[in-house]
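**Student:** Below: one structure in structure tokens.
The values are calculated or read from the model by the stated rules, or taken from the named source; none is laboratory data. Predicted, not measured: the structure shown is a model, and the values here were computed from it. Here the Cβ positions follow ideal geometry from the backbone for every residue, glycine too, while neighbour counts run over all protein chains shown. The protein model used for the area step is the full one, side chains on, heavy atoms only, and it has no ligands, DNA or RNA in it. Shrake-Rupley method; radii C 1.70, N 1.55, O 1.52, S 1.80 Å.
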Amino acid sequence: MSEVKFASNGDAQADVIIVGSGVVGALIANQMRDEGHSVLIIEAGLRINRAQAVENWRNMPLRNRAGGDFQGLYPQSEYATAPLYFPANDYVGLSGPNGSSFKQGYLRTVGGTTWHWAASCWRHLPEDFRMKSLYGVGRDWPISYEDLEPYYCKAEEQMGVAGPNDPEMQSPSQRSRPYPMDMVPWGHGDRYFAEVVNDHGFKSIPIPQARSTRPWNGRPECCGNNNCQPICPIGAMYNGIHTVEAAESKGAKVLAESVVYKIDTDSNNRITAVHWLDTDGASHKATGRQYVIACNGIETPRLLLLAANERNPRGIANSSDQVGRNMMDHSGFHCTFLTKEPMWLGRGPAQSSCLVGPRSGEFRSDYSASKFILNNINEVPGAATKALQLGLAGRELEAEIRRRAIHGVDLSISLEPLPDPNNRLTLSDTRKDKHGLACPDIHYDVGDYVRKGYDAASEQLRQIGQLFNAEEFNITTSLNANNHIMGGCIMGSDPSDSVTDGDCRAHDHDNLWLPGGAAMPSASVVNTTLSMAALALKSADAISQALSRDAQGATA
Amino acid sequence: MKDKHKTDVGQWMLTRRSAVTGLLGSMALLTLPRMGWAKNLQSDYTLPSKASRFLNVSAALTERSDLDPLIANRTYKAITELDPSQTAAIEKLHALLTDGMSARELFNAATDAGLKDTVVNIQTAWYTGTVGSGEDSRLIAYKDALMYRTVEDGLVVPTYCDFGPLWWSGTPVPPSRLPANNSAS
């Protein structure tokens, strides 16, 4: 078992250097450590105390909570800015026709953004890997569903996913192993909604969730605190921090508040070091054999561009000029209404059922797929806000709050973007962070594929509204971000138009790995984290093989 | 409507329960009643008279006799700090209050007197636990925001675990029933 070595000046040396401590970096660190390699994780942000974050959330005004300020409760390092919206800090400069639809909420903390995810653990469909071949749009992956399937299983095991083991309730049903835990039980609202819509082809099924339905690797059973976003108060939901702490317990080292800004390459364009700045502005160097950059879909391409050097003048891993291009997210919108029958949403975790009927079909040659999540979030704040506008008082007011809370429905709809090189992240010429490093700018246009998908989904939603005899039926018209950031280091088989291969290894650098959402060439309509985790574990096996080859070469 | 929604004395005494939960949180409630100093809180704390009149008005508007005086005091301070004109408005509102008046009657009387915004601000503060709007918003109460009480027989206040693991799969109570422990009467 080799260990990380620190010099007296703070420089470090390890077998594997990982930049970023979210779910992707943590899973790789954990596996590398299990295999006996020394592992250093370098994280720009702070360590988070769960209890303090819960208290911070409770202490936020209703406006922040009801408005979804999932960023504001997490303390930020002043040297590792992440987006804030209450008020906006404009860390990411947005432009283009749908710039305002790309307001991503990601955390720069030890453990990463799964601190405030909802734990949905979907797989891509087999056809999602062959968009160009099957539908003539987007790109094909250089790997197939079958190639990734064993890693989906492994990721589900590592993250403790509870899902339906009835194939009729799976999407997709092509699985080689059952879910580690059986599905999170549905509440009344999930059951009733499915009963109403499922005869009409909408296929409401259980969401596979990284949430414990029995004690799991130190995590307690879910207690239905109904606060998955922005933080699970009891840690029953998987967070990247669980894997970070597992890796640390085995000897992996994590440096927090350490901002990587520079990457060295040798004459073969192998990575020889990464450099980070500490909170005093002092620079340190980490040298290793294999390097992983897993800072999230915006920060990874930003770092690669920031780290341009003499041999890589357009940025690290960027001979194709694709780093920062093809930015994607599941642009979304909401449909709200009041039902005649009581729904009682808000019992249990924040999301448990989803309509996947529109997830795939021949129409994808023409317009975006969609999925409709039945949000199971306590509707009381919105109900109270509305009821207070109606001129009611006393028991009448309380009855109206109750009526709206019990009968309210909020569907969260996701649309599927296509990779477009013009949707591009670049470095700002004018805005710098506190270390003086350029902030990211992003130009974004969802394109007609998504716009037509919005129209098709809206028609389906109106049908659903009729099935429920909906009152106050509304479909939002502006698209919101969903924090599923993809595409900025796109994977492909041709090094001239892609950044990584099917193992997320950079085409340009033999010992650099860029796993995560940035590598994904198609978005599907489902939350990205499980696919990111599966890609991380696929990379981990490839890194392991590379380390073995290194070792054999050294002894030969 | 009960007479204690309006008192001439104007001094609401803080109960031990509201003192302990308000100051120290519900977990402390389990242990602190055994501590000698906790008892002193009930006799040492009295609401200032203006805040007490605010509590009278609030009790009438919510038709609840169990409003927490500590929350009342903090709410009153926040409302009048954010908009000093509310000091006089709340006094006027209190002057409209008569014995036996329902929330609806007070709401209507206030509306006729040009005090509707003041009433809605007070209602909003109690039901949402937040005073003010925009970036001036101030959180006064989280779990004690009255909106959550309207569904407390079927939903937890988010972040809390009241019913144990995997509690939610049963059939919820009929929607027409107000919470069984709803103390308003």
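**Student:** Determine the sum of side-chain charges near A:Gly251: Lys and Arg each +1, Asp and Glu each -1, restricted to other residues whose C-beta is under 9 angstrom from that of A:Gly251.
**Tutor:** It works out to a net charge of +1.
**Student:** Tell me, which cysteines of the protein assembly as shown are without a disulfide-compatible partner by the Cβ under 4.7 Å rule?
**Tutor:** A:Cys121, A:Cys153, A:Cys222, A:Cys228, A:Cys232, A:Cys295, A:Cys335, A:Cys354, A:Cys439, A:Cys489, A:Cys504
**Student:** Under 30 Å Cα-Cα from A:Lys371, which lysines qualify once same-chain neighbours fewer than 8 residues away are excluded?
**Tutor:** Qualifying lysines at Cα under 30 Å: A:Lys103, A:Lys132, A:Lys154, A:Lys203, A:Lys340, A:Lys386, A:Lys452, A:Lys538.
**Student:** Give me a comma-separated list of calculated 3J(HN,Hα) values for segment A:386-395, in order, Karplus coefficients 6.51, -1.76, 1.60 applied at θ = phi - 60°, integers in Hz, x for any Gly or Pro.
**Tutor:** 5, 4, 5, 8, 9, x, 9, 8, x, 4
**Student:** Given charges of +1 on the Cβ of Lys and Arg and -1 on the Cβ of Asp and Glu, with all other atoms neutral, how large is the dipole of segment B:39-108 about its Cα centre, in debye to the nearest 20?
**Tutor:** Around 100 debye, computed over segment B:39-108.
**Student:** When all protein chains stay in place, what accessible area (Å², nearest 10, 1.4 Å probe) is found for A:Trp57?
**Tutor:** 10 Å²
**Student:** Calculate, in nm to one decimal, what A:Lys103 and A:Ser144 gain on full extension: separation in residues at 0.36 nm each, minus their alpha carbon distance.
**Tutor:** Length gained, A:Lys103 through A:Ser144: 11.7 nm.
**Student:** Say each of B:Asp153 and B:Thr98 gets a label point 7 Å from the Cα, pointing the same way as Cα to Cβ; how far apart are those two points in nm?
**Tutor:** The answer from the label model is 3.4 nm.
**Student:** Using a probe of 1.4 angstrom, how much of the accessible area of segment A:5-555 is carbon and sulfur, in percent?
**Tutor:** Carbon and sulfur together cover 46 percent of it.
**Student:** Ordering B:Phe163, A:Phe468 from largest to smallest accessible area (1.4 angstrom probe), what's the sequence?
**Tutor:** Listed by decreasing accessible area, they come as B:Phe163, A:Phe468.
**Student:** While we're on this one: With a Förster radius of 45 Å, plug the Cβ-Cβ distance of A:Lys452 and A:Glu78 into 1/(1 + (r/R0)^6) and report the FRET value to the nearest 0.05.
**Tutor:** Rounded to the nearest 0.05, the efficiency is 0.55.
**Student:** If you put +1 on each Lys and Arg Cβ and -1 on each Asp and Glu Cβ, how big is the dipole of chain A around its Cα centre, in Debye rounded to 20?
**Tutor:** In debye, rounded to 20, chain A gives about 840.
**Student:** Quick one: which residues, 5 or more positions from A:Asn165 or on another chain, have an amide H under 5 Å from its amide H? H modelled 1.01 Å from N in the peptide plane, none for Pro or chain starts.
**Tutor:** Placed amide hydrogens put A:Met183 under 5 Å from A:Asn165.
**Student:** For segment A:77-144 and segment A:516-546, what is the separation of their C-alpha centers, rounded to whole Å?
**Tutor:** Measuring centre to centre over Cα atoms gives 13 Å.
**Student:** Would you mind telling me the share, in percent, of accessible area of segment B:49-139 contributed by carbon and sulfur at probe 1.4 angstrom?
**Tutor:** Its accessible area is 47 percent carbon and sulfur atoms.
**Student:** Also, I was wondering about something else. Gain in length, A:Thr430 to A:Arg191, computed as 0.36 nm per residue apart minus the alpha-carbon separation, to one decimal in nm?
**Tutor:** 80.8 nm
**Student:** Quick one: Karplus J couplings for segment A:483-495, per residue in order, coefficients 6.51, -1.76, 1.60, θ = phi - 60°, nearest Hz, x for Gly and Pro?
**Tutor:** Result, rounded to whole Hz: 6, 9, 8, 9, x, x, 9, 5, 7, x, 8, 9, x.
**Student:** Taking both sides together, what accessible area is buried at the B/A interface, probe 1.4 Å, expressed in Å² and rounded to the nearest 100?
**Tutor:** Summed over both sides, the interface buries about 4300 Å².
**Student:** Rounded to whole Å, give me the distance from the Cα center of segment A:217-262 to that of segment A:441-485.
**Tutor:** Measuring centre to centre over Cα atoms gives 32 Å.
**Student:** Okay, moving on. Classify segment A:103-192: rounded, prolate or oblate, from the alpha-carbon gyration tensor (a ≥ b ≥ c, eigenvalue square roots; a/c under 1.5 rounded; otherwise prolate if a/b is larger than b/c)?
**Tutor:** oblate
**Student:** Of A:Gln229, A:Leu107, A:Thr272, which is farthest towards the positive pole of the protein assembly as shown's charge dipole, taken about the Cα centre with +1 and -1 on the beta-carbons of Lys, Arg and Asp, Glu respectively?
**Tutor:** A:Gln229
**Student:** Only helical DSSP H runs with n ≥ 4 go in: add -39500 (n - 2.57) per run for the protein assembly as shown, normalise by residue count and round the 222 nm mean residue ellipticity to 500 deg cm²/dmol.
**Tutor:** That calculation yields -9500 deg cm²/dmol at 222 nm.
**Student:** Here's something else I'd like to know. Could you compute how much accessible surface A:Trp141 exposes when probed at 1.4 Å, giving the result in Å² to the nearest 10?
**Tutor:** Here the residue's solvent-accessible area equals roughly 20 Å².
**Student:** With a ≥ b ≥ c taken as the square roots of the eigenvalues of the C-alpha gyration tensor of segment A:13-86, please select rounded if a/c is under 1.5 and otherwise prolate if a/b is larger than b/c or oblate if it is not?
**Tutor:** Prolate, since a/c reaches 1.5 and a/b exceeds b/c.
**Student:** Here's another thing I want to ask about it. Report the gain in length on full extension from A:Arg177 to A:Ala438: 0.36 nm times residue separation, minus Cα-Cα distance, nm rounded to one decimal.
**Tutor:** So the chain would gain 89.5 nm between A:Arg177 and A:Ala438.
**Student:** Turning to a different aspect of this structure: Across segment A:156-164, in residue order, what do the Karplus-derived ³J(HN,Hα) couplings come to in whole Hz, using 6.51 cos²θ - 1.76 cosθ + 1.60 with θ = phi - 60° and x for Gly and Pro?
**Tutor:** Listing the rounded values in order: 4, 5, 5, 9, x, 9, 9, x, x Hz.
**Student:** For the pair A:Asn474 and A:Glu362, how long in nm is the line joining their label points, each one 7 Å along Cα→Cβ?
**Tutor:** Taking the simple label geometry, A:Asn474 and A:Glu362 are separated by 3.9 nm.
**Student:** Please list B:Arg104, A:Arg451 from largest to smallest accessible area, probe radius 1.4 Å, with all protein chains kept in place.
**Tutor:** Greatest to least solvent exposure: A:Arg451, B:Arg104.
**Student:** Report the semi-axes of the equivalent ellipsoid for chain A in whole Å, largest first, where each axis is √(5λ) for an eigenvalue λ of the Cα gyration tensor.
**Tutor:** Output for chain A: semi-axes of 38, 25, 23 Å.
**Student:** So which residues in segment B:143-159 end up with at least 30 square angstrom less accessible surface once the other protein chains are there, compared with the chain by itself, probe 1.4 angstrom?
**Tutor:** By number: B:Met147, B:Tyr148, B:Thr150, B:Val151, B:Leu155, B:Val156, B:Pro158, B:Thr159.
**Student:** Express the accessible area of the protein assembly as shown per residue in Å², computed with a 1.4 Å probe while the remaining protein chains stay in the model.
**Tutor:** Normalised by residue count, the accessible surface of the protein assembly as shown is 36 Å².
**Student:** Here is a further query. Name the long-range amide H neighbours of A:Lys371: under 5 Å, sequence gap of 5 or more, or other chain; modelled H, no Pro or chain starts.
**Tutor:** A:Ser414
**Student:** Report, by chain and number, residues whose modeled amide H sits under 5 Å from the one on A:Lys262, excluding near sequence neighbours (fewer than 5 apart, same chain).
**Tutor:** Under 5 Å from the amide H of A:Lys262 lie the amide H atoms of A:His275, each far enough along the sequence or on another chain.
**Student:** Over chain A, calculate the relative contact order: mean separation of alpha carbon pairs under 8 Å at least 6 apart, over the residue count, as a percent.
**Tutor:** That works out to 21 percent.
**Student:** Work out the length of the dipole vector of segment A:367-485 about its Cα centre, built from +1 on the beta-carbon of each Lys and Arg and -1 on the beta-carbon of each Asp and Glu, and round it to the nearest 20 debye.
**Tutor:** Roughly 240 debye for segment A:367-485.
**Student:** Shifting gears a bit: Buried by at least 40 Å² relative to the chain on its own: which residues of segment B:78-104 qualify, computing accessible area with a 1.4 Å probe on protein heavy atoms?
**Tutor:** Hits at the 40 Å² cut-off: B:Arg104.
**Student:** While we're on this one: Among bridges DSSP assigns within chain A, what percent are antiparallel (round to 5)?
**Tutor:** Rounded to the nearest five, the antiparallel share is 70 percent.
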